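Single-structure report; data block below.
Each reported figure results from applying straightforward, stated rules to the coordinates on display, with no laboratory input. Being a predicted model, the structure only gives us computed values, none of them experimental. A quick note on method: Cβ atoms are made from the backbone with ideal geometry, for glycine too, and the neighbour counts reach across all protein chains shown.
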Amino acid sequence: MGGLSAAFTTDFLVSFALVATIFIMLGLILNLYSELSSIKKRYKQMMANSEGQSVEQMLASHTSTVNEVAEGQQKMQNRISTLEELIRSSLSRVSVVHFDAFEKTGQGLSYCVAILDRNNNGVIFSSICGQESERSYVKPIEEGRVADKYKLTKEEEQALRQAVGRGIRD
């Protein structure tokens, strides 16, 4: 009877191994089904607005859109650079100083106007008003200084200092 018992035990072990393998395979199949469902759900979300396009068509469309945005961004950067250069050369620092050129008039009708760009280049306009006449002067300013052939009055120097201290800083 030993032979029958050994055969029974071997058949039992083989059957048990097959059943265990079937359960393991069933577990793997359920796991794969779950992952496949998740992938399908994400794919449907990704393709929701694709209007029947394939993934390749959709990626090509997105690539085209990204390239257009990059090109637009480069154009905007170029325009910003142009505007920055324009701002740098625009007259943006202005100062006005009123004063009495002659003690007897006392009306404060004389004035100096300093107009500079961001590089402190520009002009100073001066108007000296008296009882009988008025005289106007224009002096060029480069890098915050007047040329050696011109002399600034104390009022013009004050207007220049005030104008240099104003405006947008780099």
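Tell me the mean residue ellipticity at 222 nm calculated for the chain from its helices only (DSSP H runs of n ≥ 4, each -39500 (n - 2.57), averaged over every residue, nearest 500).
-19500 deg cm²/dmol
Beta carbons within 10 angstrom, averaged per residue: use that to sort the peptides 21-27, 97-103, 114-120, highest first.
Most protected by this proxy first, the peptides run 114-120, 97-103, 21-27.
If Lys and Arg each add +1 and Asp and Glu each add -1, what is the summed charge of the other residues whose beta carbon sits under 14 Å from the beta carbon of SER64? Numbers along the way, then the final one.
Details: positive: none; negative: GLU56, GLU68, GLU71.
Here the charged neighbours net out to -3.
Report relative contact order for the chain in percent, whole number only (criteria: Cα-Cα under 8 Å, sequence separation at least 6).
For the chain, the relative contact order is 15 percent.
Picking from LEU59, VAL94, PHE23, whose Cα lies most toward the positive end of the charge dipole for the stretch 23-107 (charges on Cβ: Lys, Arg +1; Asp, Glu -1)?
With unit charges placed on the Cβ atoms, the residue in question is PHE23.
May I ask which residue of ASN120, GLN162, ALA48 lies farthest towards the positive end of the charge dipole of the chain, with charges of +1 (Lys, Arg) and -1 (Asp, Glu) on Cβ and the Cα centre as origin?
The one lying farthest along the dipole's positive direction is GLN162.
Report the FRET efficiency, 1/(1 + (r/R0)^6), for ALA48 and ALA70, where r is their Cβ-Cβ distance and R0 is 22 Å, rounded to 0.05.
0.30
Quick one, which of (1) -0.48, -0.79, -1.22; (2) -0.39, -0.74, -1.31; (3) -0.69, -0.90, -1.20 is the actual log10 I(q)/I(0) by the Debye sum over Cα atoms at q = 0.10, 0.14, 0.20 Å⁻¹ calculated for this model?
(3)
Give me the angle, in degrees from 0 to 90, between the Cα long axis of helix 55-89 and the longest principal axis of the Cα atoms of the chain, rounded to the nearest 10.
Once rounded, one gets 20 degrees.
Mind ranking 137-144, 52-59 by how tightly packed they are, going by the mean number of other C-beta atoms within 10 angstrom, highest first?
The peptides rank, most packed first, as 137-144, 52-59.
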